[in-house]
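Enquirer: Structure provided below as structure tokens; questions to follow.
Each value in this text was obtained by applying a stated rule to the coordinates, not by laboratory testing. Given the structure is predicted, the values throughout are model-derived calculations rather than measurements. We place every Cβ from the backbone using ideal geometry, glycine too, and count neighbours over all the protein chains shown.
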Amino acid sequence: MVETNSPVKEAKESILVQRALGKSWDYTGYRELVREQVDEGRTSGQNQSEAYVYYTLLNHNRMRRWEKRTKIPKKLQQDLSQFQESRIWLVLTETWCGDAAPVLPLMDAFASHSDSLELRIALRDEHPELMDRYLTNKARSIPKLLMIRPSDYRVMANWGPRPGDAARMVEEYRAEHGKLTEELRVSLQKWYNKDRGESLIRELSWLLALE
């Protein structure tokens with residue numbers, strides 16, 4: 001949950017949020033960005049290494065698969081359609097981020113079932129000051145979801161970078177090996193595929209107080 005800030009800090013944060021929203025995409029626009037980068041053989045951010053360009057290609061293909069398989073339970077669809085409080089989900093990420101590939105399509109599915117919920121996606125490295133307010137273990141881990149109240153651009157809650165069980169798996173691996181490796185990245189994608197979005201659906205529902 002969000003810590004209580006002074007009025008000055010909250011005012012500063014609302015400005016940072018508005019800047020990020022001003023340079024953000026809806027899901028369709030973000031997918032077009034990813035497609036353009038794949039076609040041009042590049043990625044987002046300053047690291048234009050071959051590995052990061054390849055991760056963007058992988059994510060493009062993974063998101064296409066998740067878009068086909070993602071389904072919101074009917075009861076949740078009804079709850080979302082009746083959700084009355086206007087909220088913006090602002091996600092800070094990068095196109096090479098493996099955890100964003102299964103997460104973003106599901107967040108878009110949530111927003112598609114609610115007139116009160118808007119999904120916006122911004123690049124982390126373009127908004128370092130905002131990102132640094134929501135570090136995970138002192139790292140700029142992504143994707144990071146900020147739930148915004150549109151009336152004053154206040155951050156009401158935040159989530160990320162991954163569901164609880166996946167986060168624990170990552171921390172246990174880091175404790176044992178000292179760093180995150182390609183082996184872990186593969187294991188994470190297997191976990192997401194096996195989970196089929198159920199953990200994320202549950203946690204996002206809690207975020208909206210729908211469960």
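Enquirer: Quick one: work out Rg over Rh on the C-alpha atoms of the chain, Rh as Kirkwood radius. Write down the numbers at each step before the final one.
Expert: On the way: Rg = 16.7 Å, Rh = 17.7 Å.
Taking Rg over the Kirkwood Rh, I get 0.94.
Enquirer: Using alpha carbon centroids, what distance separates the range 43-69 and the range 146-172, in Å?
Expert: 22
Enquirer: Something else about it: If you rank Ser187, Ser6 by fewest surrounding Cβ atoms within 10 Å, what's the result?
Expert: Working: Ser187 15, Ser6 8.
Ascending number of Cβ neighbours within 10 Å: Ser6, Ser187.
Enquirer: Add -39500 (n - 2.57) for each DSSP H run of 4 or more in the chain, then divide by its residues: what number comes out at 222 nm, to the nearest 500 deg cm²/dmol? Walk me through the intermediate numbers first.
Expert: Values: 9 runs with 113 residues, N = 211.
Result for the chain, helices only: -17000 deg cm²/dmol.
Enquirer: When a footprinting reagent is the concern and you count Cβ atoms within 10 Å, what order do Trp66, Trp96, Trp206, Trp191 take, fewest first? If you can, show how the numbers build up before the last one.
Expert: Values: Trp66 22, Trp96 25, Trp206 12, Trp191 17.
Result, fewest neighbours first: Trp206, Trp191, Trp66, Trp96.
Enquirer: So for the chain: antiparallel DSSP bridges make up what percent, rounded to the nearest 5? Don't skip to the end; give the middle numbers.
Expert: On the way: 12 of 19 bridges.
Given both bridge residues lie in the chain, the antiparallel proportion sits at roughly 65 percent.
Enquirer: Something else: What does the charge dipole of the range 7-207 about its Cα centre add up to, to the nearest 20 debye, if the Cβ of each Lys and Arg holds +1 and the Cβ of each Asp and Glu holds -1? Walk me through the numbers before you get to the answer.
Expert: Values: 33 positive and 30 negative charges, 76 e Å.
Dipole magnitude for the range 7-207 comes out near 360 debye.
Enquirer: Suppose we keep just the alpha-carbon trace of the range 95-153; what are its Rg and Dmax in angstrom?
Expert: Looking at the range 95-153, its Cα Rg and Dmax stand at 12.6, 35 Å.
Enquirer: Here's another thing I want to ask about it. Using the count of nearby Cβ atoms within 10 Å as a rough guide to exposure, how do Glu40, Glu126 rank from fewest to most? Walk me through the numbers on the way to the answer.
Expert: Numbers: Glu40 9, Glu126 16.
Ranked by crowding around the Cβ, least crowded first: Glu40, Glu126.
Enquirer: Where does the charge balance sit around Ile72 when Lys and Arg score +1, Asp and Glu -1, over other residues with C-beta under 11 Å from its C-beta?
Expert: Numbers: positive: Lys71, Lys74, Lys75; negative: Asp79, Asp108.
Summing Lys and Arg as +1 and Asp and Glu as -1 gives +1.
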